Amino acid sequence: MSLKNAYLETAAQAVALLDAPEVAASWEKPSALAQWTVGGLAGHLAYQIFSVDPALEGPASEQEPIPVLDHYARAVWIDAPLDGEISSGIRAKGEDISSEGVRRLVERVHAVLERQRTGLEEVDGGWVVFMPQTGWALSLDDFLVTRMVELAVHMDDLAVSVGRTAPELPSSALDPVVALLTGLALRRHGQASVLRALTRAERAPAAINVF
């Protein structure tokens, strides 16, 4: 299965989770993430789908795409403090996206996803996506893997926040998501730490995180 189809399946899981009655019932309550409401977290999850639309508009970028691991190495949000300007801005954007309520958000994200099913058919994985918020570009395939990572992480956050079981990703999405997260863990913690975390509980570090 192509990465485009893997993304579409993962995004459909996110839409189904957003439409769950437990999400609506907990909309204004605190989420499992510090300083996020359930509604704000839902808006942030939906944004991962909305963010694909600009990638499909207009001609492909002429800028040379960078490797996806370099994308994360350059990202300023990864180590941003919880109360800092970047993190506060991300939370505010999630709240703004969800400000019209759960029903309107579900309608919007469902419509966007249906439009993307057609739009993604018209481009290939080598299509170059310029991201104005960062100033660099990725191939479409790499960009979609970053969206699937975000969707996977935040579906789990949202599910835990409302007492649901997180959706299990299709293998076509899980494989590239795990591969990217493993690559990020290796870059941040080194080979020995990652190998020990996977194989040697007695020597494993306390945590192997990448974000």
Given the protein chains as shown and a 1.4 Å probe, how many square angstrom of T118 are accessible, to the nearest 10?
80
Go through the range 29-43 residue by residue and turn each phi into a ³J(HN,Hα) via Karplus (6.51, -1.76, 1.60, θ = phi - 60°); whole Hz please, and just put x for glycine and proline.
7, x, 8, 6, 9, 4, 6, 10, 7, 4, x, x, 5, 4, x
Using alpha carbon centroids, what distance separates the range 39-95 and the range 159-187, in Å?
17
For the range 91-105, in residue order, the Karplus 3J(HN,Hα) values (coefficients 6.51, -1.76, 1.60; θ = phi - 60°; whole Hz; Gly and Pro = x) are 5, 5, 5, x, 5, 5, 4, 8, 5, 8, x, 5, 4, 5, 4
Show me, for the range 11-28, the HN-Hα J-couplings you get by feeding each phi into the Karplus relation (A = 6.51, B = -1.76, C = 1.60, θ = phi - 60°), rounded to Hz, glycine and proline as x.
5, 5, 5, 5, 4, 4, 5, 4, 8, 5, x, 5, 5, 4, 5, 10, 3, 9
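The values are calculated or read from the model by the stated rules, or taken from the named source; none is laboratory data. Everything numeric here is computed off the predicted structure, so don't read it as measured data. Surface accessibility is based on the protein's heavy atoms, side chains included, excluding ligands, DNA and RNA. Shrake-Rupley method; radii C 1.70, N 1.55, O 1.52, S 1.80 Å.
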